[in-house]
1. Under the condition of being modelled with pLDDT of 85 or more and surrounded by fewer than 14 Cβ atoms within 10 Å (Cβ to Cβ), which residue from the range 124-157 is farthest from Leu97 (Cα to Cα)?
2. In the range 42-86, how many residues are free of Cβ contacts under 8 Å to residues at least 40 places away in the same chain, surrounded by fewer than 14 Cβ atoms within 10 Å (Cβ to Cβ) and in a helix (DSSP H, G or I)?
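The values are calculated or read from the model by the stated rules, or taken from the named source; none is laboratory data. In this text, all values refer to a predicted model and were calculated from it rather than measured experimentally. Here the Cβ is made from the backbone with ideal geometry for all residues, glycine too, and neighbour counts use every protein chain on show.
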Amino acid sequence: MKEFNREDYFYEKSHWINFHLIGKPQFKSMSTLNEKGPRYSLLFESEKFASAMGRMTLETGRLEMTLKSFLLNSGIKVDLSKDSLGLLIAKAGSRGLLNTHELTMFNTIRKKRNYLTHNIYSTITEHIADSKAMHPNLIATDVDSYTHQVMELRKNISELINLILCKEAE
């Protein structure tokens, strides 16, 4: 049997996936990571975009803590410092605290938040090829559009918090 070489695999959704079966992700040269470029600068210099991202990040932290409290009050073990949003959603779903529709809402919002938080730089600097919301050929007018998307995401996160608070009050 072939020896397990961690460099040939990546971990996703509780199982290891072999790069040889699907191909390794393609990244640009590491030497270009410090290059910011004009697209990055457009977003970075936008006070509105930065403010919207900050507010969305703060609201996500509030959502995580609200979910943790809800789970703890429901008798479910939670690691207050380590459980991620995805794990918290999974715990709530597996214990029947969220129905199928609610799980879909939570996971959709989680994926949008993860994309904006973890992949925005890589996409606009073209370090990874991605066809999701953020287009690599960003122009100044797009900044307003992306700012609006982040503001809407924050509002949706607030609605999820309200949903949990209503469930907790039941």
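1. The selected residue is Asp144.
2. 8
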